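Below: one structure, written as structure tokens.
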Amino acid sequence: MAQMVHEHQTHVRTPHGDTYVARTYAEEERGGTWLGWIEFVPLSGRGPTLRTDRETTQPSLDAVAYWASGLEPIYFEGAFERARIERRTLRRPRPIVSVR
């Protein structure tokens, strides 16, 4: 089951004025490693949540959290563009179940 690892303070704004908040999620694989990805949730509550494909693979959930805590604002611009192009959308945002 996916867990929200970090809600980032950086927001992404589209040319149309829509603003998204970035959240890092993680899920444990069978071999014990953790996959991390980013979901972009519209602040307005309208529109789809966009999701990237795998952004990182780490040995533990704490390692994903550490990775997420070091992301810079410019990273989210690229990740948002990848999520938008891939059109990996979720109909509703995931419930927030924080690790910490």
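The values are calculated or read from the model by the stated rules, or taken from the named source; none is laboratory data. On a predicted model such as this, the values are computed, not experimentally measured, just so you know. Heads up, the Cβs are rebuilt from the backbone with ideal geometry, glycines too, and the neighbour counts pull from every protein chain shown.
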inquiry  = All but one of (1) modelled with pLDDT of 95 or more; (2) among the polar types (S, T, N, Q); (3) touching a Phe, Trp or Tyr at 6+ places or on another chain (Cβ under 6 Å) hold for Thr10; state the number of the condition that does not hold.
reply    = (1)
query = Is it fair to say Arg23 is in contact with a Lys or Arg (Cβ under 9 Å, 6 or more places away or on another chain), within 16 Å of Met1 (Cα to Cα) and not aliphatic (A, V, I, L, M)?
reply = yes
task = Filter region 1-56 down to the residues that are outside any strand (DSSP E or B) and among the basic types (Lys, Arg), then identify the one that is surrounded by the most Cβ atoms within 10 Å (Cβ to Cβ).
result = Arg54
Count of region 57-75 residues which are in contact with a His (Cβ under 8 Å, 6 or more places away or on another chain) and surrounded by fewer than 19 Cβ atoms within 10 Å (Cβ to Cβ) = 2
Region 15-66: number of residues that are of a type in the set (Asp, Glu), under 16 Å from the mean Cα position of the chain (by Cα) and modelled with pLDDT under 95 = 1
